[in-house]
Amino acid sequence: MDKNKILDSNKKYLQTHTETFDFLSNQLCSQGRDVTNILKKLSQFQVAIPSWALGAGGTRFGRFGFQGEPSNLEEKIDDVGILHSLTQTAGAISLHIPWDVPTDYDTVKERAKSQNIVFDAVNSNTFQDQKTAKESYKYGSLGNMTKAVREQAIQHNKEVIDIGNKLGSKSLTVWLADGASFPGQSNFQTVLQHTETSLKSIYEHLPQDWKMFIEYKPYEPNFYSTVIQDWGTSFMLANACGEKAYTLVDLGHHLPNTNIEQIVSTLMMKGKLGGFHFNDSKYGDDDLTVGSIKPYTLFLIFNALVYGMENNPQNPYPAWMIDASHNIKDPLEDLMQSLEAIQEAYAKALLVDQKGLLKAQQENDVVRCQEMLQNAYRTDVRPLLRQARLNSGGAIQPIATYRSLKIRKELIKKRGANSVASGL
Ligand code: LRH
Ligand code: MN
C-alpha cells in the first residue's frame, strides 16, 4: 500500500487525535502509568492473520461470497500487507496446509518480505480427505484405530513442518477433529494412546528451535466426544511430548461460561501456554469478530496474560493469532475490528497496577480488587492504539481510511468479482 495515501488520509483525524491522546496520556501519567512503555508494547504486539479467513466463510447452510477475494497465496499475503499497512499490528500470516501450499517459495518469501510480513505457525489438516490420499480420516487421524491412517497423518504433519521450515516459520499447530459422534463408537483409551504416540513421532521431526502447539476443542465436527477435548488433555499431551510442545487456546473452543482466564493463568504458571486463536462466540465455535460478544472476558484474559508475562519467565512469549470466519462482513474490515479489539484489551490490561492488585488480593479487599480492574477496563484506551499506529506509520482510523481509499473496489477491479479464496 502507498504509505503516503495513509498519511494523507490521517490529516483529517490528526487534531482530534492529538487532543484526546494528550488528555489521556496526562491522565495516565498522573496515575503513574508509563505511557511510552505502553506504546512500545503495543507497537511490538504483532498478531498473525489466518490465511484461511481472507475470503468469505460459510456454514453448512450456505456461503455468501465476497467480491475481490484473494485466489492464491500471493494475493493472500497482499491482503495481510494491506491490514498491516493500515494497523501496523498484523505483521504475520499463519498458513493452513494443504489450502496454502506455496508453488514458488522464493516468490512467496519475497512477496511477504515486501509487505513486512513473516510466517507464523503453520497448521496441518487431517480433518479433510485429500483427493490423492490413500487413507481416509473419516474415523480419525493421529488417533485412528488403523495404523496406516495414523502413519499417513503423521507423514502429513512432517511435510507441513518442512514447508514451514522453508518459509521461516517456527511453529506447527495441530488441531484434530478426531472423536466420536455416538457412545460406544470409540475406545477412549486406545484412541488417546494412539494420539499421544503419533504426536511424539511428529515432535521428533521438529527442528531444534521450533514449537508444537496442541489445540483443544470440546466438540464439532464430532458431537459425542473429541479426543483432545479440553486444556487438560492438551496440557497432558504437551508434557508427554516434551519441552517444545505447548497448549494453544482457541477462545471459541470452550463450553459456555468456562473461565478461560483461569485456564490461561494455570498454563502460564506451568510454562505451557503456547498461544492463542482469537475470536468471539455466543454459543459454540462461532468464530465471530474478536471482542464483539464478550469484551470484558477478553480483557480478563489479557489481565491474566500481563500478570503471567511479568511473573512467569518459565512461559515463552505467546503466539498471537486470529482464527475467525467472516460470513457477512468484508473479511478485511472484520479483521481490522478484531485487531482493534485485541489491542484494546491488551492496552486496558497494561493499565492494571498488577502489584497493587496483588496487595489488595492479599488483604482480601474484594471491592478494591474489582475497582482496580474495572477502572482499567472502563478507560477509553483507543487514543493509545491510534498513537501507536501513528508512530509506526499506520492509519489513525484504519477502517475509515480503507473505505475512503476504496481499497475493496481496487481489489475487485484487479481480481474480478468472482475470485474465491481457499479455506473454510
Ligand atoms: C478448528 C479450528 C482450527 C483450524 C480450523 C480452521 O475449529 O479452530 O484452529 O484448523 O479452525
Ligand atoms: Mn482455531
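The values are calculated or read from the model by the stated rules, or taken from the named source; none is laboratory data. Just so it is clear, the structure is predicted and the values come from calculations on it, not from any experiment. When we count neighbours, we look across all protein chains shown, and the Cβ atoms used for this are built from the backbone with ideal geometry, even at glycine. Just the protein is used for accessible areas: all its heavy atoms, side chains included, with ligands, DNA and RNA removed. Shrake-Rupley method; radii C 1.70, N 1.55, O 1.52, S 1.80 Å.
Structure above, values below:
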read-out: In the range 331-424, GluC sites (Glu not before Pro) in a DSSP loop with at most 13 other beta-carbon atoms within 10 Å; value: E363
read-out: Test item: Cα-centred dipole of the chain, Lys/Arg +1 and Asp/Glu -1 on Cβ, debye; value: 600 debye
read-out: Chain lengthening between S136 and N259 when straightened (0.36 nm per residue, less Cα-Cα); value: 40.7 nm
read-out: Relative contact order of the chain, defined on C-alpha pairs under 8 angstrom at six or more residues apart (%); value: 23 percent
read-out: Charge-dipole axis of the range 288-424 as Lys and Arg at +1 and Asp and Glu at -1 on Cβ define it, positive-most pick from Q361, N311, V420; value: V420
read-out: Net length gained if the chain between N391 and S114 were fully extended (0.36 nm per residue, minus Cα distance); value: 97.7 nm
read-out: More than 23 angstrom apart: percent of Cα pairs within the range 281-424; value: 50 percent
read-out: Alpha-carbon gyration tensor eigenvalues x 5, square-rooted, for the range 46-350, Å; value: 27, 23, 20
read-out: Normalised contact order of the range 265-424, rounded percent, pairs of Cα under 8 Å and 6 or more residues apart; value: 21 percent
read-out: Gain in span if fully extended, E159 to E220, counting 0.36 nm per residue against the direct Cα distance; value: 19.4 nm
read-out: Unit charges on C-beta of K, R, D, E only; dipole of the range 107-187, Debye; value: 200 debye
read-out: Positive-end extreme of charge dipole, the range 336-424 - chosen from A376, L411, I396 (charges on Cβ); value: L411
read-out: Value of [θ]222 nm, deg cm²/dmol, for the chain, DSSP H segments ≥ 4, -39500 (n - 2.57) each, nearest 500; value: -15500 deg cm²/dmol
read-out: Exposure ranking of M236, M372, M212 by accessible area [1.4 Å probe, largest first]; value: M236, M372, M212
read-out: Within the range 1-93, trypsin sites (Lys or Arg not before Pro) in DSSP loop having at most 16 other beta-carbon neighbours inside 10 Å; value: R60
read-out: Using a Förster distance of 41 Å, the FRET efficiency for K5-Y317 (Cβ separation, nearest 0.05); value: 0.80
read-out: Hz values of 3J(HN,Hα) by residue in the range 192-198 - Karplus curve (6.51, -1.76, 1.60), Gly and Pro given as x; value: 5, 5, 4, 4, 4, 4, 5
read-out: 1.4 Å probe accessible area per residue over the chain, in Å²; value: 45 Å²
read-out: Portion, in percent, of the accessible area of the chain that falls on carbon or sulfur, probe 1.4 Å; value: 52 percent
read-out: Lys/Arg +1, Asp/Glu -1 at C-beta; the chain dipole; positive extreme among H254, G65, V47; value: G65
read-out: Over 24 Å (Cα to Cα) - which of K76/K348; K138/K211; K158/K244; K158/K211; K113/K170 fall in this group; value: K76/K348; K138/K211
